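The values are calculated or read from the model by the stated rules, or taken from the named source; none is laboratory data. Source: prediction; values computed, not measured. Don't worry about glycine lacking a Cβ; one is built from the backbone with ideal geometry, like all the others, and counts go over all protein chains shown.
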Amino acid sequence: MKNVLVLGGTGFVGAHVCEKLAHQDWHVTVSTRRRSNARHLLHLPLVSVMEMDVHDEAALTRAVVDQEAVVNLVAILQGNLAAFEKVHVALPQKLARACVAAGVKTLVHISAVGADAGQPQSAPSMYLRSKGQAEAALMQAVNASNPRAFALTILRPSVIFGAGDKFLNVFARLQRVLPFMPLACADARFQPVWVGDVASAVLRSLECNTVPGDHAPRVLELCGPDIFTLRELVQLAAQLSGIRQGRGRPVIALPTWLGRLQAALMSLAPGEPVMSRDNLDSMAVDNVATGKLPGLASLGITASALEPIARAYLKR
């Protein structure tokens, strides 16, 4: 039986990854601070839960013992510099050391389209800079000429959609209550990828990265077949969920300064804001495939179109 530790397995993407792995006879251990956070996974065969703080390096080192592979899905979309560095940079560094010490064979790390391991500081946002720094740290660990180094695959998805997402569902919910949609970065471009395809990419990456001694890092861009502007995605969310008979709300594009003011005000409200200033900074670059790296097709996966899948869950 193949053993895999999944960090971040209780989240939106993580639940799909765990299900995919469990159904392919991987014994999946999911880390979580509280067991109750993983109750939606307990029905899956071959899934067990480990309560731990993934930022505790000693606990992390113990957790990877006897694991053939590790999948790192831990990420945040919003926060301050310290938070991004803790989650996106320090954690992968700790994880790399733990994997080398335990002799883990394979690590699959989820990054993001727009991250750049070669020049992480060139990215426009804290989110993308920290994602690039994480990639660089993992690549350095692999390239350290250590005979115990693991095989590394870095997956860079565009924005991920699917039932239960905090993307198209948010746009639909907002248009149910707002008379119009004030939208910053309305012309920013995205190439949304289905969560099921991302989960399949994780599985295929684990299956491919089993060649002994082959530790050259592999980087893939995970994107869907179609490119949309943010305005088009907002309008599509309304159309597919039937708001105002599919017409949705009028979209009012905000100038940059007003969008940043709106994001600043949102950050003062309790809970996670819909849009932060760092999110706006990330949208300064297109969230689409560069075409310079392999994608889903290189893993034998045909990218799923957004509209038919989103229609099914937005109508509910």
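Laid out as a table, the results:
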| read-out | value |
| --- | --- |
| Selected residue (only one of S298, S282, S241, S276 is among the hydroxyl-bearing types (S, T, Y) and more than 21 Å from G114 (Cα to Cα)) | S241 |
| Matching option when the condition is assigned by TED's automatic domain parsing to the domain that holds T153, outside any strand (DSSP E or B) and at pLDDT 95 or above, among R231, R204 | R204 |
| Conditions (1) in contact with a Ser or Thr (Cβ under 9 Å, 6 or more places away or on another chain); (2) surrounded by fewer than 18 Cβ atoms within 10 Å (Cβ to Cβ); (3) in a loop (DSSP other than H, G, I, E, B); (4) assigned by TED's automatic domain parsing to the domain that holds V274: number failed by R176 | (3) |
| Sole exception among (1) without any contact (Cβ under 8 Å) to a residue 12 or more places away in the chain; (2) farther than 22 Å from K315 by Cβ for G246, by number | (2) |
| Selected residue (only one of A199, A237 is under 17 Å from the mean Cα position of the chain (by Cα) and touching a residue at least 60 places away in the same chain (Cβ under 8 Å)) | A199 |
| Neighbours by Cβ (under 8 Å, 6+ apart or cross-chain): first from the stretch 278-299, more than 20 Å from P124 (Cβ to Cβ); second surrounded by fewer than 20 Cβ atoms within 10 Å (Cβ to Cβ) and among the hydroxyl-bearing types (S, T, Y) | L296/T302 |
| Lone unmet requirement of (1) surrounded by fewer than 21 Cβ atoms within 10 Å (Cβ to Cβ); (2) modelled with pLDDT of 95 or more; (3) not small (G, A, S) for V4 | (1) |
| Lone unmet requirement of (1) crowded, with 16+ Cβ neighbours inside 10 Å; (2) small (G, A, S); (3) modelled with pLDDT of 95 or more for A297 | (1) |
| Scan of the stretch 244-280 for residues that are assigned to a loop (DSSP other than H, G, I, E, B) and of a type in the set (K, R), ordered by number | R244, R247, R249 |
| Lone qualifier among V49, V54 - being touching a Lys or Arg at 6+ places or on another chain (Cβ under 9 Å), surrounded by 13 or more Cβ atoms within 10 Å (Cβ to Cβ) and part of a loop (DSSP other than H, G, I, E, B) | V54 |
| Test: residue in the stretch 16-33 that is without any contact (Cβ under 8 Å) to a residue 24 or more places away in the chain, surrounded by fewer than 18 Cβ atoms within 10 Å (Cβ to Cβ), over 20 Å from V198 (Cβ atoms) and not β-branched (V, I, T) | yes |
| Failed condition for L95, given (1) buried (at least 23 other Cβ atoms within 10 Å of the Cβ); (2) closer than 24 Å to C223 by Cα | (2) |
| Residues of the stretch 267-294 that turn out to be under 24 Å from G248 (Cβ atoms), surrounded by 14 or more Cβ atoms within 10 Å (Cβ to Cβ) and acidic (D, E), as a count | 1 |
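Residue by residue, here is whether (1) under 18 Å from the mean Cα position of the chain (by Cα); (2) surrounded by fewer than 18 Cβ atoms within 10 Å (Cβ to Cβ); (3) in the same structural domain as E68 (by TED's automatic domain parsing); (4) under 24 Å from V65 (Cα atoms) holds:
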{"site": "A82", "(1), (2), (3), (4)": "no, yes, yes, no"}
{"site": "V87", "(1), (2), (3), (4)": "yes, no, yes, yes"}
{"site": "T106", "(1), (2), (3), (4)": "no, no, yes, yes"}
{"site": "A123", "(1), (2), (3), (4)": "yes, no, yes, no"}
{"site": "M126", "(1), (2), (3), (4)": "yes, no, yes, no"}
{"site": "M139", "(1), (2), (3), (4)": "no, no, yes, yes"}
{"site": "I154", "(1), (2), (3), (4)": "yes, no, yes, yes"}
